[in-house]
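S.K.: Would you mind keeping the following structure in view while I ask a few things?
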Amino acid sequence: MSLSGLKTELKFLTSILDKNHERFRVISWKLDKLHCQFLVPPLAPPGSLYSPQLPLTLHCNITESYPSSSPIWFGDSNYPTLTSVLELLEDAKNNNSLRQ
């Protein structure tokens with residue numbers, strides 16, 4: 001994909017997931033990375049061991065070989081649900097690689 005194509009995709013993503021989106025927000029982006037926030041409604045009482053810090057911060061690194069290789073996602077939190085979602089993204093990436 002060309003740099004202009006990637007830039008167009010990132011601008012589109014930012015337009016639908018802007019800083020006011022109720023659940024998932026793209027806070028900032030560059031051609032090689034995204035900084036996002038996932039807003040999670042509290043599932044446990046404040047101060048509980050499993051209550052996440054709101055919002056949860058996610059980072060995405062986009063390699064030069066994108067879209068041939070999937071972006072690399074990671075978070076700033078060890079919140080169990082976020083860890084599960086990131087593992088699902090990794091599994092989807094691996095399954096997609098097997099099909100190609």
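S.K.: Does the range 75-91 hold any residues that are among the hydroxyl-bearing types (Ser, Thr, Tyr) and loosely packed, with under 15 Cβ neighbours inside 10 Å, and which are they? Quick ask: steps written out before the conclusion?
M.R.: Going through the range 75-91, the residues among the hydroxyl-bearing types (Ser, Thr, Tyr) turn out to be 77, 79, 81, 83-84.
Across the range 75-91, the qualifying residues are THR81, THR83, SER84.
Residue-by-condition table, conditions (1) open to solvent by less than 60 Å² (accessible area, probe 1.4 Å); (2) at pLDDT below 90; (3) touching a strand residue (DSSP E or B) at 6+ places or on another chain (Cβ under 7 Å):
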{"position": "ILE27", "(1), (2), (3)": "yes, no, yes"}
{"position": "LEU58", "(1), (2), (3)": "yes, yes, yes"}
{"position": "SER69", "(1), (2), (3)": "yes, yes, no"}
{"position": "TRP73", "(1), (2), (3)": "no, yes, yes"}
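S.K.: Under 8 Å between Cβ atoms, at least 6 apart or on separate chains: pull out the pairs that start in the range 8-25 with a residue that is under 15 Å from LEU39 (Cα atoms) and end on any residue that is among the basic types (Lys, Arg) and surrounded by 14 or more Cβ atoms within 10 Å (Cβ to Cβ).
M.R.: So the pair list comes out as LEU17/ARG25; ASP18/ARG25; LYS19/ARG25.
S.K.: Now a separate question. Taking the range 10-22 as the region of interest, how many residues are more than 12 Å from the chain's Cα centre (by Cα) and either over 16 Å from ILE62 (Cα atoms) or surrounded by fewer than 14 Cβ atoms within 10 Å (Cβ to Cβ) (or both)?
M.R.: Residues that pass the stated criteria total 9.
S.K.: Same structure, new question: Between residues in the range 71-87 that are farther than 15 Å from PRO55 by Cβ and residues that are hydroxyl-bearing (Ser, Thr, Tyr) and assigned to a loop (DSSP other than H, G, I, E, B), which pairs lie under 8 Å by C-beta distance while being six or more apart or on different chains?
M.R.: Short answer, once both residue conditions are applied: PRO71/THR63; ILE72/THR63; PRO80/TYR50.
The values are calculated or read from the model by the stated rules, or taken from the named source; none is laboratory data. Treat the numbers as computed from the prediction; the structure is a model and nothing was measured. Note that we place each Cβ from the backbone using ideal geometry, even for glycine, and neighbour counts take in every protein chain shown. The accessibility values were calculated without ligands, DNA or RNA, using every heavy atom of the protein model including side chains. Shrake-Rupley method; radii C 1.70, N 1.55, O 1.52, S 1.80 Å.
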